[in-house]
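Only one structure is covered here, and it is reproduced in the block below.
Since every read-out is calculated from the coordinates, none of them should be taken as a lab result. Nothing here was measured: the structure is a model prediction, and the numbers come from that model. Because the Cβ atoms are built from the backbone with ideal geometry, glycine has one as well, and the counts that use them run over all protein chains shown.
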Amino acid sequence: MEFIEIKEGCYYFKSAVNIGYIVSEDRSKGMLIDAGLESSAAKKAIKKLQDNKFPITHLFITHAHADHFGGAQYIQKNYEVHTIAPALEEAIMRYPVLEPMYLFHGNFPLKEMRNKFLEAPSVHIDEICQPGIWRADSLEVEFIHLPGHSHNQFGLIYNDIFFASDSYLGKETLEKHKIPFIVDSSSNFSTLDYLLHIKVGGMLPGHGAFSDEYEDTIQANIEVHQRLLIQMNNFLIACGDRGLSLEDLIAKMLLKHEIDPANLGMYSLFRTAITAYLIQLIEERKAVYTIKEGRPVIFSGQPSA
Ligand SMILES: [Zn+2]
C-alpha cells in the first residue's frame, strides 16, 4: 500500500481500493476518506500517518460499499474520529446486512452472500454530509453529490483536488470489470457528465490512480456505459415480439462480455448493474415489461400484441 502525496495537504494510499487523506494547513485536522476493505488496510494507513505525525480527527465515508467502509469499525474502536457520511448510505453502514439483503431480492441473504465483500462490520455515523462547503476550524472541504454507482454517494474537493470515489473507474479497472457496478443509470450518466466538465487540479477514483488529466478516463467511462445501454437495447430489438425474460437478458449481457460470475454474490452485482440500464430504457420508453407465464418479460418499445 503505497502512500502518495498528490499535492500539499492531499494524499492517498494506493491499493485495490484507495484510501484518501487530507490535512489542514496548520496540521490540526486530518481526514481519512474511506477506510478500505478491512481492518488490516485501515491499520496500515493509520500507521503510516502516525509515522509522519499526521493527525486523524475525521473519517469521511463516501458510500456504503463494504470495500470502502470495511476498515471503519477498527478506526472507530481505536481512535477518536468524527465520522461523516451521506444519508441513506449511513443507514446501510449502521445495518450492513442491508447490502446483501438488497442484492438478494430483499430476502434474508444466503450465508455465502454474507462475506467481507458484501457485508462490512457496522459503524456509527456522527454527521450526515450535505452538498456544499463544510468546515471544521482550519479544515474546509466541498462535499459533492455523486449518485449512480451508489444511491447517495458523495465525494469531496480539497485544495482543488477531487476525491471522486467510485463515480468513475480508472481505465484498468474499467476494462477488468467490463460491466461496472451501478444502481441508477441515468444519474450515473449525469454524474459522469458533471465530472467531465468540472475544472479541478486533478481527480482520484476509488479504484485507479490519481490523474491531473482525467477527462480521457471519464470519457472512457461514459463510452463503456453508453455501449452497454445500446447493447441491451439491441438485444431487445432483436427479440421482437417474443421479448426476453429478465434472466435471459442478464445472461445475454454476461455472455456477450464473457463474464462468468464465480458465485451468487458476483452474479447479484452484475444483475443489479444490468437492471440499472433496463430501468433507463423503460423510463425512456425504449423498453416495456410484462409478467408473462410467471416471469417478467422485457420487450423493445411497445409490445405489438
Ligand atoms: Zn463502490
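P(r) of the range 72-129 in 10 Å steps, Cα pairs, percent per bin? With 10 Å bins starting at 0, P(r) equals 24, 47, 25, 5. Evaluate the Debye formula for the range 156-305 with equal point scatterers sitting on the alpha carbons, no solvent, and hand back log10 of I(q)/I(0) at q = 0.10, 0.13 Å⁻¹, in q order, two decimals. Treating every Cα as an identical point scatterer, log10 I(q)/I(0) equals -0.40, -0.63.
Amide H contacts of His82 (H built 1.01 Å from N, in plane; Pro and chain starts excluded): His58, Leu59 sit under 5 Å, all sequence-distant by 5 or more or on other chains.
Here each label is just a point 7 Å from Cα along the line to Cβ, and for Lys43 and Lys116 those points are 1.0 nm apart. In plain terms, the residue of His225, His63 with the fewest other Cβ atoms within 10 Å comes first and the most crowded comes last, giving His225, His63. From most to least packed by mean Cβ count within 10 Å, the peptides 122-128, 111-117 give 122-128, 111-117. In terms of Cα atoms, the Rg and Dmax of the range 216-305 work out to 13.5, 46 Å. Here the range 149-269 is assigned +1 on the Cβ of each Lys and Arg and -1 on the Cβ of each Asp and Glu. Its dipole about the Cα centre then comes out at about 260 debye. Based on the convex hull around the alpha carbon atoms, the chain presents an average projected area of 15.8 nm².
Taking Cα atoms only, the orientation of helix 264-283 departs from the longest principal axis of the chain by about 70 degrees.
Computed from label points 7 Å out along Cα-Cβ, the spacing between Leu98 and Ile198 is 2.4 nm. In sequence order, the range 10-27 has phi-based couplings of 10, 9, 7, 9, 7, 7, 4, 10, 6, 10, x, 8, 10, 9, 6, 4, 7, 6 Hz under the Karplus curve 6.51 cos²θ - 1.76 cosθ + 1.60, θ = phi - 60°, and Gly or Pro positions carry x. For the range 217-239, the residues whose amide N sits under 17 Å from a probe point set 7 Å from the Cα of Lys176 along the beta carbon direction are 221. Phi angles across the range 162-179 convert, under the Karplus curve 6.51 cos²θ - 1.76 cosθ + 1.60 with θ = phi - 60°, into 3J(HN,Hα) values of 9, 8, 9, 6, 8, 5, 8, 10, x, 4, 5, 5, 4, 5, 5, 6, 6, 10 Hz, Gly and Pro given as x. Taking only Cα atoms, what is the 0 to 90° angle, nearest 10, from helix 39-51's long axis to the longest principal axis of the chain? Rounded to the nearest ten degrees, it is 30.
Approximating the spin labels as points 7 Å out from Cα along Cα→Cβ, the Lys292-to-Asp126 distance works out to 5.6 nm. Round to the nearest 10 and give me the degree value, 0 to 90, for the angle of helix 215-239's Cα axis relative to the longest principal axis of the chain. Once rounded, the angle reads 20 degrees. Contact order for the range 2-167, expressed relative to its length and based on alpha carbon pairs under 8 Å spaced 6+ residues apart, stands at 19 percent.
Straight-line reach from Lys176: taking Cα to Cα under 28 Å and skipping same-chain neighbours fewer than 8 places apart, the lysines in range are Lys14, Lys43, Lys44, Lys111, Lys116, Lys199, Lys252, Lys256. Among beta bridges identified by DSSP and lying wholly in the chain, the antiparallel ones come to about 75 percent. Note on Glu8 and Asp216: with the Förster distance fixed at 30 Å, the Cβ-Cβ geometry gives a FRET efficiency of about 0.75. Across the range 200-297, C-alpha contacts under 8 Å between residues 6 or more apart give a mean separation that, scaled by the residue count, equals a relative contact order of 26 percent.
Between Ile19 and Phe13, the built amide H atoms are under 5 Å apart, and every one of these is 5 or more places off in sequence or on another chain. Here the ratio of the Cα radius of gyration of the range 2-167 to 2.2 N^0.38 Å is 0.99. Legend: ranking of residues Phe299, Phe163 from fewest to most surrounding C-beta atoms inside 10 Å; resulting order Phe299, Phe163.
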